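The values are calculated or read from the model by the stated rules, or taken from the named source; none is laboratory data. Just so we're clear, the structure is a prediction, and the values are computed from it rather than from any experiment. Cβ atoms come from the backbone with ideal geometry, glycine included; neighbour counts cover every protein chain shown.
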Ligand SMILES: Nc1ncnc2c1ncn2[C@@H]1O[C@H](COP(=O)(O)OP(=O)(O)OP(=O)(O)O)[C@@H](O)[C@H]1O
Ligand SMILES: CC(=O)N[C@H]1[C@@H]2OC[C@@H](O2)[C@@H](O)[C@@H]1O[C@H](C)C(=O)O
């Protein structure tokens, strides 16, 4: 086993599959990449990627098991295996389409499905506990695929007192740093998060955190009002009018002004928050279109407010580089340009598909694990130490 691991460490370049199933619970992104070197010398070449949508029933099962009120421990136990089985199927389908044999793949890096993220410390039985849970067991992935798999990336950072998120900032640092420009690298998935890369920055200068909802709130409202999974291209938002009254109420959410390091999820922007929005909207007699427009505006408001509070006093950004499903929402992208007034680019311009960025990231993070390089950033997660992330399974 150790020989295998050492051989894998020395192999350069490596073919690595990165797997992301994000907080939107909309499906899995599989990216196949060739990774050269490691650390600051890392070079990534994307060989291909594919998205697999989850069946509606599966999405429901994931969502109900992401909430304490509706979760069931036997369903979570089964989902842990089921998701791993689905991941492996998706990997094989992607490889087949790309004409790559599974035996040619050196490594898999799998994020897993977050069903609960509890970075706020609680005292239980005299112990201070922070916790996070990603399911879709990497041990099962390794056994079914026959490919060494790195998973459970967040655990080490949380164990060392960190938020365990966001982890993409290290990848952003490797790929998007510049010696000429101050960059804000933004991902708008279920949750939105950004990475600030000051020109000529060092790894410990990187500043990043979750800013609040990405598409999570809009998606839930779209399901309720229009029985659709999301607002395609922001078309419904474009038909509505932003309500300043509702926006101001949403802006009071304590996460928006909370000081970083911080990370969030469905625990704070799930059904409780959506129900609150519904109540406020009823009082204000808003149409569904206006509510969607306001919730979409809120995502960008929260991104900007966090920038204004915690970044702008030290670093003024020259450009924004966007990825994630929100990049396809025109209303959101216009709002971003309106708030920031700097060029808004997509990661695709930099050779990283905006739909596959997080999957590519977990391939690169797996390479860092195998190479023995720490990939958390203390200034981002608040962990006591930098550490090698993830567990390796054969
Ligand atoms: N054409 C589109 N128009 C508008 N929104 C879109 C479009 N395509 C995708 N989205 C939005 O993007 C979301 C999915 O984004 P993405 O896959 O980046 O999130 P994720 O990886 O699940 O989340 P996270 O990054 O928070 O873990 C969808 O739920 C939807 O709201
Ligand atoms: C706990 C968890 O799964 N967090 C996700 C989520 O989705 C976006 C944002 O919230 C970020 O904190 C993180 O994912 C990305 C991949 C990250 O760690 O950078």
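Structure above, values below:
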| quantity | calculated |
| --- | --- |
| Selection count, segment 375-387, where residues are over 20 Å from residue 31 (Cα atoms) and within 19 Å of the chain's Cα centre (by Cα) | 8 |
| Filter result for residue 79 (more than 30 Å from residue 351 (Cβ to Cβ), in a helix (DSSP H, G or I) and touching a strand residue (DSSP E or B) at 6+ places or on another chain (Cβ under 8 Å)) | yes |
| Residue within segment 206-220 that is more than 14 Å from ligand 1 (Cβ to nearest atom) and either over 17 Å from residue 336 (Cβ atoms) or in contact with a strand residue (DSSP E or B) (Cβ under 6 Å, 6 or more places away or on another chain) (or both) present | yes |
| Near pairs, Cβ below 6 angstrom, 6+ apart or cross-chain, from segment 154-179 (within 16 Å of ligand 1 (Cβ to nearest atom)) to any residue that is in a helix (DSSP H, G or I) | 163/381; 164/157; 164/158; 168/361; 169/380; 171/361; 171/364 |
| Residue pairs meeting the criteria (Cβ under 6 Å; at least 6 apart or on separate chains; first within 13 Å of residue 87 (Cα to Cα), in segment 22-40; second within 16 Å of ligand 2 (Cβ to nearest atom) and part of a strand (DSSP E or B)) | 27/51; 28/21; 29/20; 29/51; 30/19; 31/18; 31/49 |
| Residue, farthest from residue 301 (Cα to Cα), within segment 218-249, restricted to residues that are assigned to a loop (DSSP other than H, G, I, E, B) and over 21 Å from the mean Cα position of the chain (by Cα) | 227 |
| Segment 324-338: number of residues that are under 19 Å from residue 210 (Cα atoms) and out of contact with any helix residue (DSSP H, G or I) (no Cβ under 6 Å at 6 or more places or on another chain) | 4 |
| Yes/no for residue 83 being within 22 Å of the chain's Cα centre (by Cα) and touching a residue at least 12 places away in the same chain (Cβ under 8 Å) | yes |
| Residue that is farthest from ligand 2 (Cβ to nearest atom), among those in segment 230-244 that are exposed (fewer than 15 other Cβ atoms within 10 Å of the Cβ) and within 13 Å of residue 218 (Cα to Cα) | 235 |
| Residues located in segment 177-193, provided they are within 10 Å of ligand 2 (Cβ to nearest atom) and within 19 Å of residue 316 (Cα to Cα) | 187, 193 |
| Residue in segment 199-221 that is over 30 Å from residue 55 (Cα atoms), in contact with a helix residue (DSSP H, G or I) (Cβ under 8 Å, 6 or more places away or on another chain) and crowded, with 23+ Cβ neighbours inside 10 Å present | yes |
| Odd one out for residue 252 among (1) assigned to a loop (DSSP other than H, G, I, E, B); (2) away from ligand 1 (no atom under 15 Å from the Cβ); (3) under 26 Å from residue 158 (Cα atoms) | (3) |
| Test result for residue 281, out of contact with any strand residue (DSSP E or B) (no Cβ under 7 Å at 6 or more places or on another chain) and without any contact (Cβ under 8 Å) to a residue 40 or more places away in the chain | yes |
| Out of 156, 109, 161, sole residue that is assigned to a loop (DSSP other than H, G, I, E, B) and assigned by TED's automatic domain parsing to the domain that holds residue 388 | 161 |
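Every residue, every condition in (1) touching a strand residue (DSSP E or B) at 6+ places or on another chain (Cβ under 7 Å); (2) away from ligand 1 (no atom under 14 Å from the Cβ), yes or no:
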site: 183; (1), (2): yes, yes
site: 187; (1), (2): yes, no
site: 200; (1), (2): no, yes
site: 243; (1), (2): no, yes
